1. Being modelled with pLDDT of 85 or more, out of contact with any strand residue (DSSP E or B) (no Cβ under 6 Å at 6 or more places or on another chain) and charged (D, E, K, R) is the filter here; which residues of segment 587-621 pass it?
2. Regarding segment 132-140, can at least one residue be identified that is in a helix (DSSP H, G or I), open to solvent by less than 60 Å² (accessible area, probe 1.4 Å), touching a Phe, Trp or Tyr at 6+ places or on another chain (Cβ under 6 Å) and in contact (Cβ under 8 Å) with a residue 12 or more places away in the chain?
3. So residue 71 clears everything in (1) open to solvent by 60 Å² or more (accessible area, probe 1.4 Å); (2) among the polar types (S, T, N, Q); (3) free of Cβ contacts under 8 Å to residues at least 60 places away in the same chain except one condition, right? Which one?
4. Having 3 or more residues that are open to solvent by less than 30 Å² (accessible area, probe 1.4 Å) and modelled with pLDDT of 90 or more is the bar; report the helices (runs of 4 or more DSSP H) wholly within segment 162-251 that clear it.
5. Of all residues in segment 559-576, which are at pLDDT below 90, surrounded by 16 or more Cβ atoms within 10 Å (Cβ to Cβ) and not hydrophobic (A, V, I, L, M, F, W, C)?
6. From the residues in segment 112-131 that are open to solvent by 30 Å² or more (accessible area, probe 1.4 Å) and under 15 Å from residue 157 (Cα atoms), which one is farthest from the chain's Cα centre (by Cα)?
7. For residue 264, indicate whether it is touching an Asp or Glu at 6+ places or on another chain (Cβ under 7 Å), within 27 Å of residue 343 (Cα to Cα), surrounded by 15 or more Cβ atoms within 10 Å (Cβ to Cβ) and not aromatic (Phe, Trp, Tyr).
8. With of a type in the set (A, V, I, L, M) and touching a helix residue (DSSP H, G or I) at 6+ places or on another chain (Cβ under 6 Å) as the only criterion, which of 563, 597, 585 stands out?
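The values are calculated or read from the model by the stated rules, or taken from the named source; none is laboratory data. Bear in mind that the values here come from a model prediction, so they are computed numbers and not experimental data. Note: ideal-geometry Cβ built from the backbone for every residue, glycine included; neighbour counts use all protein chains shown. These accessible areas exclude ligands, DNA and RNA; they are computed on the full protein's heavy atoms, side chains included. Shrake-Rupley method; radii C 1.70, N 1.55, O 1.52, S 1.80 Å.
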Amino acid sequence: MGVSTTSLFRKWRSQSFEDLVGQEAVVRTLRNALSSGSPARAYLFCGPRGTGKTSTARIFAKALNCVQGPTAEPCNQCSLCRRIADGSCMDVLEIDAASHTQVDKIREFIVDKVHFAPAEARFKVYIIDEVHKLSTSSFNALLKTLEEPPAHVVFILATTHPQDLLPTILSRCQRHDFHRLTPLEIRDRLTLVAREEGFELDERAAEILARSAEGSLRDALVQLEQVATFAGVSVREEDVRTLLGLAGRAAMNGLVAAMAERDARMAMQRLDDLVQSGRDLGRLSNELVEHLRCLLLISVKAVQTDLLGIPPEEMADLEAQASSLAPARIMNWLKAAMDLQGGARDAQRARLLWEMMLIRMTVPEVDLDPLEDLRRRVARLEAGLGTPAGMPRQGPPSNAERSSGPPAPPAPARSDVPGAPARTGRGAPPVSARPTSHAAQPRADRAGPSDSPPPGRSPIKTPTGAPGAQESPGTGLQDLGWGGSARPVPPPAPEKPMGSGPSQPDRAIPASPSPSTPRAAGGAGLSARDAWQRLLAFVKDRDRRLHAVLVEARLNSLESGTLTLSFPSSFSWHFERFQKETGVLDAMAREALGEPLRLVASLEAVAADAPSPRQEHRAFVHRAESLFNGRVVDDSPV
């Protein structure tokens, strides 16, 4: 590379519309405006840095004032074109708004002189770069001039932050948005510049430079000049990685492999190796984000692999690594890496942030959210224990229950004192369903001395109903909507007159399942509701978005390995999402229940005022709170 006193980005600044890289929409619009002979009086060029805003403004000024113009393409041969290109034309003024923010500067350079005719050109062009840096007073002073400029004046405002401009300024300008250049466009431009400058640029080196520039051609040219100075006449991939502090695909593969194996020691060792080799931790975080992005896209088959721009030899390793990782796990890593990306630019704490991120990804016990960790533990316990003790069993009886036959009826209670009232309430012995004689029955129309409670104690409330009846332990749960399939309490048998013969043993009343509780079919060993609750807990631990979809579904039945659900018509979006994720949900059900299970859902029309499953759950919680006189700590569904 020959010795030059001009930087590459200035030497290779575009001098014509034909030479502009990208921005085809902007170029076409400006050419059409020039060809019509009636250009606008105020333009706003906005977009990221290094995308050609100022270069386009200069080309437009040359096209307006060219001796052949206004023309769609400046000749770059006449004196005006050459003087505008080198910045010596008196009628094309470039103002840096960052250094002229005061209102007095704007009045001195623009407002007070805008009415004077051009000295030598056809139009007087004001190019205001970084216009968002102007103060509010400067904008107000410029407002009237922008609204009604003289016929010989054209304003071109350039900015990277159009959202910071006043709406009154935006409404008076014709806006053109410049987009970031693609890596392919930047790579081709760098190859052309290297060939014209007389040094060799490796294809992989050009691709790395193009990607690290993040859409800015100016940044890419500055890096190319720096690498060419470092490497000499031949620029290779290793030269670019060394100068820019990049680790490479192999280093990222090793780091992600340590995270996948949950090996904190290996992850820390690989990080230390990268730091000792002089890699920049800020750029390293960008590499990790890009690597995880490629893994995520490959794992879900979102794009064709050839569109990622990765060499075939590296693509094989990426595909193998992506096939061994779950997309949800890659997504969690990607979120953590993006959080790291912002703080890793601070060199003083970059390594600490990296170490914290790697420990969090490799040590499952470390969780920064205690509530989330508690929810996961509860979900694992619920999935492993099944129905809690004391809850009514829902579903068909087990084989042991079938073989043991019906439960024996409770033994009648003996009363030591004839005519004494039966004790009721907590801790009282069970009351016989049939009194032995009429004399043993208490009178309801007369209260005896034993009916009054002892001093200092509140009277015991006897359940309403038939005399001598006792409240079933499952009554409160049935009031809440539970225990529909539990074995009902047999009603008291009619009293037989004395001397009517030997009493026959009571026949056991067979249990009849409630029609509101779906039953399991087959040898699954779980009722439909138990299987459904276990699946909900498992999905909540794995993917909260899918759990939010499932909680709105209604459970219908479980038969022949198929769990049938239904969504109300008001939850059509949840139904559509369910249809798209059926394969993932089936896999989760197989993993949660230990056997193949297929999920099928339908969209049913329900009344407009019908409660959703979430509303039914909240109503159930409120009923439980009032019945047991408790306090709600967390009412989120499993």
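1. 590, 591, 595
2. Step one: list which residues in segment 132-140 are in a helix (DSSP H, G or I), which gives 132-133, 136-140.
Cutting the leftovers down to open to solvent by less than 60 Å² (accessible area, probe 1.4 Å) gives us 132, 138-139.
Imposing the further condition that a residue be touching a Phe, Trp or Tyr at 6+ places or on another chain (Cβ under 6 Å) reduces the set to none.
No: zero hits.
3. Result: residue 71 fails condition (1) only.
4. Filter on segment 162-251 gives 183-197, 203-212, 217-231.
5. Of everything in segment 559-576, those that are at pLDDT below 90, surrounded by 16 or more Cβ atoms within 10 Å (Cβ to Cβ) and not hydrophobic (A, V, I, L, M, F, W, C) turn out to be 568, 574.
6. 129
7. Spelling it out, it is not the case that residue 264 is touching an Asp or Glu at 6+ places or on another chain (Cβ under 7 Å), within 27 Å of residue 343 (Cα to Cα), surrounded by 15 or more Cβ atoms within 10 Å (Cβ to Cβ) and not aromatic (Phe, Trp, Tyr).
8. 597
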